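Remarks on the structure that follows.
The values are calculated or read from the model by the stated rules, or taken from the named source; none is laboratory data. Please read all numbers here as calculations on a predicted model, not as lab measurements. Every residue, glycine as well, gets a Cβ built from its backbone with ideal geometry; the counts of neighbours run over all protein chains shown. Surface areas here come from the heavy atoms of the whole protein model, side chains and all, with no ligands, DNA or RNA. Shrake-Rupley method; radii C 1.70, N 1.55, O 1.52, S 1.80 Å.
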Amino acid sequence: IMAQGESYWNATAPRSDHPALSGDIQVDVAIIGGGIVGVTLGRMLKDRGISFALVEARRIGEEVTGKSTAKITSQHNIAYTTIERKFGEEGAHCYAEANEAGVRTIIELAERHGIDCNLERKAAYTYTRDERHVSEIEKEVELARVLGLPASLTRDTGLPFDVLAAMRWDDQAQFHPVKYVKGLAATLRGDGAHLFERSRVI
């Protein structure tokens, strides 16, 4: 049963129970915040033998990550044409590479550490039923393909209604973000890695 206002992801993930920080601790790096970024950084530091303390004010994975979507994708509405307009093709290419690296990293970490997070490979779509937005989608797909992204133009989305245009991004994924973050966090403790919850940094 979910409490009013509680996200589905937080309601259906196991509770973490890391200690609160008390006393002094000496580490190479302090990570402030235990969302997907903080926990991923912790995993990367641990893989390099660098000691760290990850300090979360509430519960690991339950704040911004716990209220996010389930998609793992480099496709974000009409982002690339906007970025290309502001920062040129090189800026859009950097954004594309960073997002594709993020998709690969999550999938690789989930597989390497056997994290049970309902991860499934899926295509991602953005569609329109409004004639005014068809050309925007067409331009986004054209640029995405120039940038090397797995984009295509389609009208077949699997939705129970017709669309005028859609862009399909292949090789994307969906998952349970809180199970993923808590599962990844569970791989961190020991050998100079410390996780603390209910510990606000001031």
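Computed quantities for the displayed model
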| read-out | value |
| --- | --- |
| Two-site label geometry, GLN26 and LYS139: point separation in nm, points 7 Å out along Cα→Cβ | 5.8 |
| Point-charge dipole on Cβ atoms (K/R +1, D/E -1) for the range 42-191, about Cα centre, debye to 20 | 620 |
| Within the chain, percent of DSSP bridges classed antiparallel, to nearest 5 | 65 |
| Accessible-area value, GLU131, 1.4 Å probe, nucleic acids and ligands omitted, Å² | 130 |
| Note, ³J(HN,Hα) from phi for the range 36-41, Karplus 6.51, -1.76, 1.60, rounded to Hz, x at Gly and Pro | 4, 6, x, 5, 5, 4 |
| Set of lysines with alpha-carbon distance to LYS67 below 29 Å, sequence-local pairs under 8 removed | LYS46, LYS122, LYS179, LYS182 |
| Exposure of ILE60 as accessible area (Å², to 10), given a probe of 1.4 Å and all protein chains | 0 |
| Label of the coordinate-derived value, semi-axes √(5λ) of the Cα gyration tensor in Å, listed as [x] 29, 19, 18; [y] 29, 24, 12; [z] 36, 20, 15 | [z] |
| Amide proton proximity set for ALA173, modelled H, under 5 Å, gap of 5+ | ILE72, LYS122 |
| The range 1-153, relative contact order [Cα under 8 Å, separation at least 6], % | 18 |
| Additional length obtainable on full extension of the chain from LEU159 to GLU90, 0.36 nm per residue less Cα span | 21.4 nm |
| Local electrostatic count at GLU62 - Lys and Arg +1, Asp and Glu -1, tallied over other residues with Cβ under 14 Å | +2 |
| Extreme residue, positive dipole direction of the chain, given options HIS176, SER16, GLY192 (C-beta unit charges) | SER16 |
| Note, ³J(HN,Hα) from phi for the range 83-96, Karplus 6.51, -1.76, 1.60, rounded to Hz, x at Gly and Pro | 5, 4, 5, 8, 10, x, 5, 4, x, 5, 5, 4, 5, 4 |
| Average accessible surface area per residue within the chain, 1.4 Å rolling probe, Å² | 57 |
| Amide hydrogen neighbours beyond the local backbone of LEU188, cut-off 5 Å, H modeled | none |
| Rounded to whole Hz, the Karplus (6.51, -1.76, 1.60) HN-Hα couplings of the range 101-114, x for glycine and proline | 5, x, 4, 4, 5, 4, 5, 5, 5, 4, 6, 4, 9, x |
| The range 71-97-the range 120-155 distance, computed between alpha-carbon centres (Å) | 12 |
| Net +/- balance of residues flanking HIS93 in space, Cβ distance below 13 Å, scoring K and R +1, D and E -1 | -4 |
| Cβ-placed point charges (K, R +1; D, E -1), dipole of the range 1-90 about Cα centre in debye, nearest 20 | 180 |
| Within the range 109-146, trypsin sites (Lys or Arg not before Pro) in DSSP loop having at most 16 other beta-carbon neighbours inside 10 Å | ARG129 |
| Most to least accessible of LEU119, LEU188 (protein chains only, probe 1.4 Å) | LEU119, LEU188 |
| The chain - percent of accessible surface contributed by carbon and sulfur, probe 1.4 Å | 50 |
| Long-range amide H partners of PHE52 with built H, under 5 Å | ASP28, VAL29, ALA193, HIS194 |
| Heavy-atom accessible area order for TYR180, TYR127, largest first, 1.4 Å probe | TYR127, TYR180 |
